[in-house]
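The values are calculated or read from the model by the stated rules, or taken from the named source; none is laboratory data. All of these numbers come straight from a predicted model, not from anything done at the bench. Here the Cβ is made from the backbone with ideal geometry for all residues, glycine too, and neighbour counts use every protein chain on show. With ligands, DNA and RNA removed, areas are computed over all heavy atoms of the protein, side chains included. Shrake-Rupley method; radii C 1.70, N 1.55, O 1.52, S 1.80 Å.
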Number of protein chains: 6
Amino acid sequence: MCRRSSRPAQCDLATASAAGPALTLQFLPKREDLYPVDEYAEPEKQLHRHVMYHAQPGDMIVVDARGDMTSGVFGEMMLTYFKGRGGVGVVVDGCLRDIGPAKRLGLGLWIRGATPNFHAQTNIVPVAVNVPVACGGTLVEPGDIVVADDDGAVVVPVKLAPALLAVAQEHAEWEEFSRIRLAEGGDMRLYYPLSDEARPEYERWRAERGSA
Amino acid sequence: MCRRSSRPAQCDLATASAAGPALTLQFLPKREDLYPVDEYAEPEKQLHRHVMYHAQPGDMIVVDARGDMTSGVFGEMMLTYFKGRGGVGVVVDGCLRDIGPAKRLGLGLWIRGATPNFHAQTNIVPVAVNVPVACGGTLVEPGDIVVADDDGAVVVPVKLAPALLAVAQEHAEWEEFSRIRLAEGGDMRLYYPLSDEARPEYERWRAERGSA
Amino acid sequence: MCRRSSRPAQCDLATASAAGPALTLQFLPKREDLYPVDEYAEPEKQLHRHVMYHAQPGDMIVVDARGDMTSGVFGEMMLTYFKGRGGVGVVVDGCLRDIGPAKRLGLGLWIRGATPNFHAQTNIVPVAVNVPVACGGTLVEPGDIVVADDDGAVVVPVKLAPALLAVAQEHAEWEEFSRIRLAEGGDMRLYYPLSDEARPEYERWRAERGSA
Amino acid sequence: MCRRSSRPAQCDLATASAAGPALTLQFLPKREDLYPVDEYAEPEKQLHRHVMYHAQPGDMIVVDARGDMTSGVFGEMMLTYFKGRGGVGVVVDGCLRDIGPAKRLGLGLWIRGATPNFHAQTNIVPVAVNVPVACGGTLVEPGDIVVADDDGAVVVPVKLAPALLAVAQEHAEWEEFSRIRLAEGGDMRLYYPLSDEARPEYERWRAERGSA
Amino acid sequence: MCRRSSRPAQCDLATASAAGPALTLQFLPKREDLYPVDEYAEPEKQLHRHVMYHAQPGDMIVVDARGDMTSGVFGEMMLTYFKGRGGVGVVVDGCLRDIGPAKRLGLGLWIRGATPNFHAQTNIVPVAVNVPVACGGTLVEPGDIVVADDDGAVVVPVKLAPALLAVAQEHAEWEEFSRIRLAEGGDMRLYYPLSDEARPEYERWRAERGSA
Amino acid sequence: MCRRSSRPAQCDLATASAAGPALTLQFLPKREDLYPVDEYAEPEKQLHRHVMYHAQPGDMIVVDARGDMTSGVFGEMMLTYFKGRGGVGVVVDGCLRDIGPAKRLGLGLWIRGATPNFHAQTNIVPVAVNVPVACGGTLVEPGDIVVADDDGAVVVPVKLAPALLAVAQEHAEWEEFSRIRLAEGGDMRLYYPLSDEARPEYERWRAERGSA
């Protein structure tokens, strides 16, 4: 199970969680002899647009922007398009721009920061779509399930997803009970993790709740 | 007086200030030969639990997590227990996890960030409770008074607390008057700091207010 | 056109944008033999006060605090005075203090962080007012137009301001149309940037809206 | 011309310069589900070996180790093999191990540091050979000419190499003359860059030297 | 086996390797109310002196200076004393001072840098001797065996030392053979790691050398 | 006395110490509208040349390059001129270029690193000569005495120089005696700092040496 956090900090948003398969985008440093085009001259040559053409409802975009704090990978217009296509979240090991209106789109955004620069003004350029990338110190492959909330983003390989869900479900159930007890001043040694001693009490609570 | 800031950034919270005596927890890097246990195997061997067993109403927990950005020192469940015991705030030179629900508990949280990892997955382990620790570049001893607000957390040695309060009280009174004058476009040379020239005006204002 | 971002992160505020001519303040490291005075002994010797005496309605203060994270350049009282004088925003390559009440003043604040320390307690001191300074990796001259929003702050030389406004106006108009189409799932190749193919549609939309 | 430095610091060596076509190696973060093999179990599955199988006399290896300071990309044994194959230098945006004996091999080494760890113990793994990589903030393509000396490493696209050599040759000639004059206390305004006024003197010096 | 590197960079020295049991010294941030003494007023109150009083021939001192780059933990005089007592090396997660003469003492020095400041001028103070410390991201306990060379310093728990030596010995023997073959242009697939196919050749080489 | 280190690391040189009055040079970030000139078009417009025109025998140049690691402030040619003028050392809070030949000039160099880039290729430009600057976290005024050795560079205000020399002289004398005793295994409590108990022994040693 891959519970390593993708470190990009999250913007404070209403939609504080999102999950879905990853579309990936890789940036590398710009070199004058390799990236001569002006951004608006031939937009379709820009690879960061192309990652969005693959978007299907429920997708998450994961971008390896190499931690760059001066390039805004996407702006409001392209994020609007991604939202229009059904996208649910964007994780960037770098920055977005137009962050004010971007937050109001209802996408989940896990990023390092915001900047008014677009990437063609700066030192990085998109070079590949849907290849394995690094983001927040974690390798992400296209199609991996990205699960993100206030704590950050986590990558789950598809084949491990069913096992993860089973464990998480069981865990979530007794935590609900324990949370109530702990908030009342209950003993952590009994309730977290749930001790054998407290399990019967939990089972009764669960049975009662079920019958309610 | 120790007005040096404890640097951990604060989460945006309703309860933006807290103060109380410090309980301390020290982390060190994990070493395979010294920390073989699995987190849920013998929970009581985990020292980060023990700092909470000492909690009394009004306490603040201060954690030296060595600036580690990948370990979540406490999660929602343990913070719920601490709140249930009457704790008022947590200062961590590192991260918490379950930060979404954690913010809703009503504790003051002064931290560097959030992460989904718990500490047993990562590079640091708790090694001592209620020893002197470093947090945000400041030494904190158990029992020191920690005072924290939007600006960060400050440590006040108990023996200096009365003197600090006296100075702060006098300062707060004339600042209230000066704030009003400055907001009206008053001259900073007169009102901040309060000049001898403006003092009579302040005294009149104070007297009038007192009689109101 | 100088679209390089001034990197200081923005506090979350209601007033998320501001623009105006720059007043500048330069800090350098403190040296014992050059800065013997106690802060409250002779306030008028402190240069950070003097930048505010120049303030006129609509001004922005830009501070080169050399990225220092332990010095609070201004506190609530001085910011209140600046607001009282009609100031609209403060950009600091470093920190403010009293950040809780400071945020409630209605000024735009673009800063790296907050701290309870005032600068006389720490390692930097103000040395010059209204000289060219560096802030967020950008040179700012007194009188430059600073434009700031959620993405950060940008410097526009006065002589380039009219040209910038013309370009921005034209851009803003077709973006409004394109935003609507993209949100509906429209094709990005048509609408962003606005293609020649979609321009007639845009012109019709614009004409209709104008006649409405 | 790409005169941007590849930032990796150079070890202090007798052979302080090297140049040759680039072989490239890309690392990404390790993920448990994708890199299960033990280093010595199936060595040929390790891609960092494969970059060396392509080595021809005069080659330079350029490694994108993502700035990682805890993984030793190559050790003495593999560097000995590369030297045995005629390799001339290694540029790593990260670390080597066995650095003591490695320095004595006579290869040029441009690296960020040394570590006793080999990469299978740490967080990065080799994922591709002879693809475009980032190293020291510069994009390097397989076959680019890497030129390195005490100042660091520079990338020259093959097509620009002849033009670069022509400019460099002319520049080197007058610099030799100017260096002598400056060391004698000559006027920098005359000699650096070579002024029109000093050019006849240079031409005479050059002619005399040629006839010597 | 604990092969994690202690990151402090090594000074370029003739004696490029050292090993021995660890004496440890812990620093914490200085606080005015807790460290009022002037360095030369009562030297024996300074704990960094006391770690040296425990020194026996062959010892290594390991210092957790919390990565501080402005405090010189030891200077030439104290290092001379340590050398006079038979000490063999010093590992500091921070700085030394008097580094020029210190290098000529013949001690192994693994440090982050040098500074002219002594610690009483700066922000950290020694607080404990021979307690577990963190150094270079690794936990070191008093008595652990520290092994250091050009690659950095490594910690070996005493109980693992015999096993480590056995593995290292076997490894070192075939590496000597393989190194020769690789330097001659031999095939890395055969010789590194030593393949089953090449083992007979190695055994012959070893036998011949033994009989020489 | 200003014993704060100027942090720039020193290159390994034969001449490991230098001292002299400071000439200062200040850099700020480059802005396209303010720095249009090509480097070789009008060299005399470049301010970094002008700091050298002030050089007198024994001078040290101190440069505030704002910690920039990509700009080479001076190269071999200009350093040759400075040496030809009698300059003794250069302290840069940033980089030099041509570092190989530069080291052979016999100047003391205290720098953060080396790079092949010259500053006009990068993000900083010289803006002022002989103004107060920051270097390594210390304020340096033109004419301050800069004293530098393997530990780094220190600034001494001219008026404090005589007092500093007196203290240093006395200190140096007893340290010579103590160093001998400590190297023989003498007791640090007696000899460092020199105790009242050991002073008579020191006085005898000093008298004997004087009569030799």
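Return only the number of the condition from (1) touching a strand residue (DSSP E or B) at 6+ places or on another chain (Cβ under 6 Å); (2) not in a helix (DSSP H, G or I) that E:Thr70 does not satisfy. Against the list (1) touching a strand residue (DSSP E or B) at 6+ places or on another chain (Cβ under 6 Å); (2) not in a helix (DSSP H, G or I), E:Thr70 comes up short only on (1).
Residues are listed down the side, and each one gets a yes or a no for (1) among the small types (Gly, Ala, Ser); (2) not assigned by TED's automatic domain parsing to the domain that holds D:Leu79:
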position	(1), (2)
D:Arg112	no, no
D:Asn123	no, no
D:Val129	no, no
D:Gly136	yes, no
D:Gln169	no, yes
D:Ala172	yes, yes
D:Phe177	no, yes
D:Glu184	no, yes
D:Met188	no, yes
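Out of the residues in the stretch C:34-88 that are charged (D, E, K, R) and in contact with a Leu (Cβ under 8 Å, 6 or more places away or on another chain), which is farthest from B:Trp174 (Cα to Cα)? The selected residue is C:Arg66. The set of residues in the stretch D:189-212 being in a helix (DSSP H, G or I) and in contact with a Ser or Thr (Cβ under 9 Å, 6 or more places away or on another chain) consists of D:Arg189, D:Leu190, D:Tyr191, D:Tyr202. Within the stretch C:80-98, the set of residues being in contact with a Gly (Cβ under 6 Å, 6 or more places away or on another chain) and open to solvent by 20 Å² or more (accessible area, probe 1.4 Å) comprises C:Gly84, C:Val88, C:Arg97, C:Asp98. Within the bounds of the stretch B:164-186, is there any residue that is at pLDDT 95 or above, assigned to a helix (DSSP H, G or I) and among the basic types (Lys, Arg)? Yes; the residues of the stretch B:164-186 include at least one that is at pLDDT 95 or above, assigned to a helix (DSSP H, G or I) and among the basic types (Lys, Arg). Confirm whether E:Glu39 is open to solvent by 60 Å² or more (accessible area, probe 1.4 Å) and either at pLDDT below 95 or in a helix (DSSP H, G or I) (or both). When the stated conditions are applied, E:Glu39 does not pass them.
A Cβ distance below 8 Å, combined with a sequence gap of six or more or placement on separate chains, defines the contacts here; from the stretch D:40-69, residues that are outside the structural domain of D:Gly89 (by TED's automatic domain parsing) reach no residue that is not aromatic (Phe, Trp, Tyr).
Out of all the residues in the stretch A:162-177, which are charged (D, E, K, R) and within 12 Å of another protein chain (Cβ to nearest Cβ)? Scanning the stretch A:162-177 gives A:Glu175, A:Glu176.
Taking only pairs six or more apart or across chains, which ones have beta-carbon atoms under 7 Å, a first residue in the stretch A:183-200 that is surrounded by 13 or more Cβ atoms within 10 Å (Cβ to Cβ), and a second residue that is part of a loop (DSSP other than H, G, I, E, B)? Hits for this filter: A:Arg189/A:Ser195; A:Leu190/A:Glu197; A:Leu190/A:Ala198; A:Tyr191/A:Ala198; A:Pro193/B:Tyr40. May I ask you to verify whether B:Glu170 is over 30 Å from E:Asp33 (Cα atoms) and out of contact with any Asp or Glu (no Cβ under 8 Å at 6 or more places or on another chain)? So B:Glu170 does not fit the description; no. Applying the criterion of being over 16 Å from E:Gly58 (Cα atoms) and more than 11 Å from the chain's Cα centre (by Cα) to the residues of the stretch E:141-160, the residue that is surrounded by the most Cβ atoms within 10 Å (Cβ to Cβ) is E:Glu141.
Residue by residue, here is whether (1) surrounded by fewer than 19 Cβ atoms within 10 Å (Cβ to Cβ); (2) more than 19 Å from D:Thr122 (Cα to Cα) holds:
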| position | (1), (2) |
| --- | --- |
| D:Ala18 | no, yes |
| D:Leu25 | no, no |
| D:Tyr35 | yes, no |
| D:Lys45 | yes, no |
| D:His48 | no, no |
| D:Val62 | no, yes |
| D:Thr70 | no, no |
| D:Met78 | no, no |
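For the stretch D:66-81, enumerate the residues that are within 8 Å of chain E (Cβ to nearest Cβ) and closer than 28 Å to A:Thr138 by Cα. Within the stretch D:66-81, D:Met69, D:Thr70, D:Gly72, D:Met78 qualify.
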